[in-house]
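The values are calculated or read from the model by the stated rules, or taken from the named source; none is laboratory data. Note that the coordinates shown come from a computational prediction; the quantities given were computed from them, not determined experimentally. Counting neighbours? That spans all protein chains shown, and the Cβs are built from the backbone with ideal geometry, glycine included. Ligands, DNA and RNA are excluded from the accessible area calculation, which covers all protein heavy atoms including side chains. Shrake-Rupley method; radii C 1.70, N 1.55, O 1.52, S 1.80 Å.
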Amino acid sequence: MAGKTLYDKLWDDHLVKQRDDGSALIYIDRHLLHEVTSPQAFEGLRLADRKPWRLDANLATPDHNVPTTDRVRGIDGIDDPVSRIQVETLDKNCDEFGILEFKILDQRQGIVHVIGPEQGATLPGMTIVCGDSHTSTHGAFGTLAHGIGTSEVEHVLATQCLVQQKMKNMLVKVNGALRPGVTGKDVVLAIIGKIGTAGGTGYAIEFGGEAIHSLSMEGRMTICNMSIEAGARVGMVAVDDTTINYVKGRPYSPKGENWDLAVSAWRDLHSDADAVFDKVVELEGADILPQVTWGTSPEMVVGVDGIVPDPDKESDPIKREGIVRALRYMGLAANTPVQDIQLDRVFIGSCTNSRIEDLREAAAVVKGRKVAASLKQAMVVPGSGLVKAQAEQEGLDKVFIEAGLEWRDPGCSMCLAMNADKLGQGEHCASTSNRNFEGRQGFGGRTHLVSPAMAAAAAIAGHFTDVRDYL
Amino acid sequence: MRKFNQHSGIAAPIDRNNVDTDMIIPKQFLKSIKRTGFGPNLFDELRYLDEGKPDQDSSQRPINPDFVLNQSRYAGASVMLARRNFGCGSSREHAPWALDDYGFRVVIAPSFADIFYNNCFKNGLLPIVLDENIVDRLFDECASNEGYQLSIDLPAQTVTTPSGETFSFDVDAFRKHCLINGLDDIGVTLEDSALIKSYEAERRKQSPWLFDSFTHS
Ligand code: SF4
């Protein structure tokens with residue numbers, strides 16, 4: 001019998017019941033909640049007079065709607081009354097049901113996908129769900145983690161289980177070493193460029209190969225975070241020493257005897273050597289350049305020395321129409337070098353790239369330099385209160401401020417512009433987030449996805465430029 | 001949940017690949033804490049010429065006459081024809097809520113994003129995957145025939161065109177059962193409470209660290 005993939009192991013380990021019709025009940029170890037996708041789920045529980053199955057599996061925090069300035073005012077600082085109600089509703093629901101929540105004034109508050117790992121609430125071998133598609137981030141720890149809808153949030157609260165269909169296995173292998181200046185973000189954008197935004201649909205992707213295992217946990221999280229942009233709900237990396245060292249000593253990670261027990265179990269969290277994948281995709285690390293998206297889908301991406309494509313050269317009519325539409329929306333002419341795209345704003349943040357290492361990489365580029373006068377705004381939004389504190393301890397805040405970037409309070413911010421931070425119509429933004437969809441960062445806004453270092457270099461130049469000239 | 005058995009309705013074509021859930025319902029409308037009322041803001045940025053805000057009377061807004069759903073021939077449409085990878089991006093269940101609130105009951109596409117596909121079933125909305133060349137033909141027929149209607153039979157797993165041509169589709173047995181009977185998933189799962197409890201007890205023994213995590217600090 002062939003060996004098991006990491007996904008097979010995680011699946012088998014959490015299987016409560018296999019039903020005859022192919023669906024299965026899967027046990028959920030950790031459930032993360034935020035204010036946008038949970039209110040209707042709590043309401044559903046109340047209407048059906050149901051209680052959460054297991055309180056200590058849940059952790060909540062507000063992140064999407066919180067303001068990133070003047071945080072000391074707490075909830076009163078949320079000017080938009082509709083946003084405020086949503087954050088208040090989360091507080092009320094967590095208090096009423098007894099769920100642990102890091103509220104807006106708690107230093108541990110932050111983007112759910114940043115605080116889970118930071119707190120040790122994300123542990124190898126777990127199943128982790130959240131009403132947010134970027135829950136795939138946690139797969140970096142050898143977990144089975146994915147986004148769910150609000151009905152499923154309610155289902156997990158009520159039953160601690162999910163009804164699932166087993167997915168297929170895909171291995172994305174990045175061989176060899178990465179070039180200097182190339183980060184996890186560039187790797188995942190290159191993967192999406194290769195397999196397309198639906199390339200992973202129906203699959204659980206395991207990222208492997210030397211280039212992946214040489215990355216820090218931050219880099220791996222960035223890659224798993226964006227597996228949903230390749231269509232895969234689940235992205236994973238096998239557990240190794242890097243994983244275990246990261247988890248050790250976190251507030252909620254196991255201690256004492258339990259730590260040793262846990263580590264010995266975690267050592268098995270990798271695909272067996274003879275495991276069979278339904279699909280294997282390979283990339284050479286050395287071929288990957290810093291990446292820039294030019295269009296309105298993450299697959300519309302080129303290397304930093306690339307040009308915006310020409311629809312006349314595309315033979316598939318639906319794709320050609322897609323390129324024409326994207327160019328129109330982005331206000332770009334075919335064949336423009338991406339380095340000629342002039343920028344209005346720069347956003348460094350989001351659950352993809354707002355961890356301490358991301359901020360260090362960006363700070364190293366802007367240190368001793370000044371943001372281009374042509375920019376309207378360049379901002380840095382740390383992923384959590386603890387990332388913020390750590391960065392300030394290292395003096396990164398001063399580096400950013402001296403270079404002319406704004407230093408903000410933690411939250412999702414301009415990643416999806418549900419709070420006050422957004423793009424104006426027609427503005428081009430170099431963004432370290434994960435989605436360049438139409439209107440994502442503000443009505444008519446034009447998003448280009450890049451790594452933190454590339455965003456920092458773009459802030460200095462006022463247009464895209466090869467970050468490797470800044471290192 | 002509303003039951004789904006048979007449905008016939010006017011088809012409306014959304015002719016682009018990779019329609020994401022941000023496009024189906026933009027983020028400013030996610031601030032609601034309700035499940036209903038999203039219909040007027042379905043495809044808001046394509047449908048209106050101004051920027052939509054929550055709590056606004058959309059009937060007073062300037063509409064984009066070029067957008068499919070604003071054309072009188074598609075008034076009352078309840079079957080959506082869509083392209084590849086429909087519903088990609090954010091997991092927001094507000095997307096199926098908005099489609100449902102607008103009046104759609106069925107979405108037909110060559111492929112769907114996983115989370116969206118799953119969310120549809122939880123809300124009595126039926127996503128149907130048909131071969132790309134069949135979907136192409138439905139698009140063509142829909143464009144050239146005003147009032148083009150499709151009939152969907154879930155128990156028989158078929159889509160039938162006005163000329164009587166019938167296509168079958170696949171649907172997972174459990175989801176079909178829940179949809180036809182309007183079953184609440186949670187109720188079905190809780191019938192297995194005892195199994196869940198015994199799994200949990202075993203897990204607590206094997207992996208105790210998973211159960212003390214929020215208590216020791
Ligand atoms: S940072 Fe952006 S992508 Fe991440 S959870 Fe927040 S809104 Fe979603």
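Values for this structure:
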quantity	calculated
Selection within the range A:30-69 - charged (D, E, K, R) and farther than 23 Å from A:H113 by Cα	A:E43, A:R46, A:D49, A:R50, A:K51
Subset of the range A:205-236 [in a strand (DSSP E or B), of a type in the set (G, A, S) and either buried (at least 23 other Cβ atoms within 10 Å of the Cβ) or within 12 Å of another protein chain (Cβ to nearest Cβ) (or both)]	A:G235
Top-ranked residue of the range A:376-398 - restricted to ones that are assigned to a loop (DSSP other than H, G, I, E, B) and charged (D, E, K, R), ranked as surrounded by the fewest Cβ atoms within 10 Å (Cβ to Cβ)	A:K376
Residue match in the range B:148-156 (condition: at pLDDT 95 or above, over 19 Å from the mean Cα position of the chain (by Cα) and within 13 Å of B:V171 (Cα to Cα))	yes
Of all residues making up the range B:176-217, the number that are closer than 30 Å to B:D140 by Cα and either among the hydroxyl-bearing types (S, T, Y) or touching a Phe, Trp or Tyr at 6+ places or on another chain (Cβ under 7 Å) (or both)	1
The range A:417-440: number of residues that are within 15 Å of A:S350 (Cβ to Cβ), assigned to a loop (DSSP other than H, G, I, E, B) and in contact (Cβ under 8 Å) with a residue 40 or more places away in the chain	10
Flag if B:C142 is free of Cβ contacts under 8 Å to residues at least 40 places away in the same chain, part of a helix (DSSP H, G or I) and open to solvent by less than 10 Å² (accessible area, probe 1.4 Å)	no
Subset of the range A:399-416 (residues that are out of contact with any strand residue (DSSP E or B) (no Cβ under 7 Å at 6 or more places or on another chain), outside any helix (DSSP H, G or I) and buried (at least 24 other Cβ atoms within 10 Å of the Cβ))	A:G411, A:C412, A:L416
Qualifying position, being farther than 23 Å from A:L105 by Cα and in contact with an Asp or Glu (Cβ under 9 Å, 6 or more places away or on another chain), among A:L33, A:L45	A:L45
Residue list for the range A:1-11, restricted to those being under 17 Å from A:L144 (Cα atoms), more than 23 Å from the chain's Cα centre (by Cα) and open to solvent by less than 70 Å² (accessible area, probe 1.4 Å)	A:T5, A:D8, A:K9
Some residue of the range A:112-132 being over 20 Å from A:W266 (Cβ atoms), facing another protein chain (nearest Cβ under 8 Å) and buried (at least 17 other Cβ atoms within 10 Å of the Cβ)	yes
Hits in the range A:295-352 - residues which are free of Cβ contacts under 8 Å to residues at least 12 places away in the same chain, acidic (D, E) and either assigned to a loop (DSSP other than H, G, I, E, B) or touching a Ser or Thr at 6+ places or on another chain (Cβ under 6 Å) (or both)	A:E314, A:D316
Matching entry among A:T69, A:T61 (being more than 16 Å from the ligand (Cβ to nearest atom) and among the polar types (S, T, N, Q))	A:T69
The one condition in (1) within 16 Å of the ligand (Cβ to nearest atom); (2) at pLDDT 95 or above that A:A403 fails to fulfil	(1)
Residue ranges of strands (runs of 3 or more DSSP E) in the range B:145-191 with at least 2 members open to solvent by less than 40 Å² (accessible area, probe 1.4 Å) and more than 14 Å from chain A (Cβ to nearest Cβ)	B:149-153, B:158-160
Some residue of the range A:175-185 being within 16 Å of the ligand (Cβ to nearest atom) and at pLDDT 95 or above	yes
Among the residues listed as A:V365, A:V380, the single one being at pLDDT 95 or above and within 15 Å of the ligand (Cβ to nearest atom)	A:V380
Residues (within 12 Å of chain B (Cβ to nearest Cβ) and polar (S, T, N, Q)) located in the range A:134-188	A:T135, A:S136, A:T143, A:T150, A:S151, A:T159, A:Q160, A:Q164, A:Q165
The range A:237-263 - residue that is aromatic (F, W, Y) and within 13 Å of another protein chain (Cβ to nearest Cβ) and, of those, surrounded by the most Cβ atoms within 10 Å (Cβ to Cβ)	A:Y252
The lone exception for A:G116 - which of (1) in a helix (DSSP H, G or I); (2) more than 14 Å from the ligand (Cβ to nearest atom); (3) small (G, A, S) it fails	(2)
Flag for A:D421 being of a type in the set (D, E, K, R) and more than 12 Å from the ligand (Cβ to nearest atom)	no
Within the range B:6-114, helices (runs of 4 or more DSSP H) holding 2 or more residues that are more than 30 Å from A:A204 (Cα to Cα), open to solvent by 10 Å² or more (accessible area, probe 1.4 Å) and within 14 Å of another protein chain (Cβ to nearest Cβ)	B:44-47
Among the candidates A:A145, A:A140, A:A158, residue that is within 16 Å of the ligand (Cβ to nearest atom) and either more than 23 Å from the chain's Cα centre (by Cα) or in a helix (DSSP H, G or I) (or both)	A:A140
Complete set of residues in the range A:424-459 that are away from the ligand (no atom under 14 Å from the Cβ), out of contact with any Asp or Glu (no Cβ under 6 Å at 6 or more places or on another chain) and within 14 Å of chain B (Cβ to nearest Cβ)	A:G424, A:Q425, A:G426, A:E438, A:G444, A:R446
The range A:393-415, residues that are basic (K, R) and closer than 18 Å to A:S433 by Cβ	A:R408
